[in-house]
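Right, one structure below, let's go through it.
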Amino acid sequence: MPLTKPQQRPQPRWREWDRRAQKDGLRGQVHATNGDRYVGEWRDGKKHGKGTQIWKKGAVYEGDWKHGKRDGHGTLSLPDPETGRHRRVYSGWWRGDKKWGYGVQFYGDEEYYEGEWCGNQRSGWGRMYYSNGDIFEGQWRDDKPDGEGMLRLKGGNRYEGSWQRGMKNGPGRFFHLDHGQLFEGFWVDNVPKCGTMTDFGRDEAPEPTQFPIPQVKLVDPDGVLEAALASFKAPEKAGA
């Protein structure tokens, strides 16, 4: 009796469509229905590996992907409305589609930040170059200077000390190098509450004061310091 090959049952169309939709490995340009485009590697239907994403509005990301999100090292560029060319906005590390780790953010031609990031915010150590020529170097938290840091002004004067919520808060020193003076004291929300001003390199200063600073002592230095500490700690208690 002759053997007959069993007839295969036809597969539903959705199975073939599902198979084609699952992208793996290096693929050519893939267009999304919203106008976005992607060229690069895939795994299990998600962007994974090296790839370039071009959004409809003009933003471009080139770098690493993991399970459909920017993860690893990559560069984000945006179109310049004046020239039409793309300019680099951020270059560094990503995690879960957010800036995370060391990276450089460009805010303009003369203003940029280089340092650590956490969840798209400047957090950790970093250095900020401002367009007016000022430079801040130190600790950041929630996108603001927070901790120990130094602000060097364009003219050369600088502040070294404690910061909180983006302002001078706590003990610090301000070097008035143009006048050859040094202020050491305690700050609350950018305002020096108490401290001492002394001559510091008066002979080498470009614009020294006419007379040296005389020795002056407070009648109640402990009381002034206690009041400054109380006003400094008040916001912390209110937010607790």
Rank these for me by crowding, TYR102, TYR112, going from fewest to most other beta carbons within 10 Å.
TYR102, TYR112
Cα gyration tensor shape for region 127-211, rounded if a/c is under 1.5, else prolate or oblate
oblate
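Bear in mind that the values in this text are calculations on the coordinates, not laboratory data. Keep in mind it's a predicted model, so treat the numbers as computed, not measured. All Cβ positions, glycine included, derive from the backbone under ideal geometry; neighbour counts span all protein chains shown.
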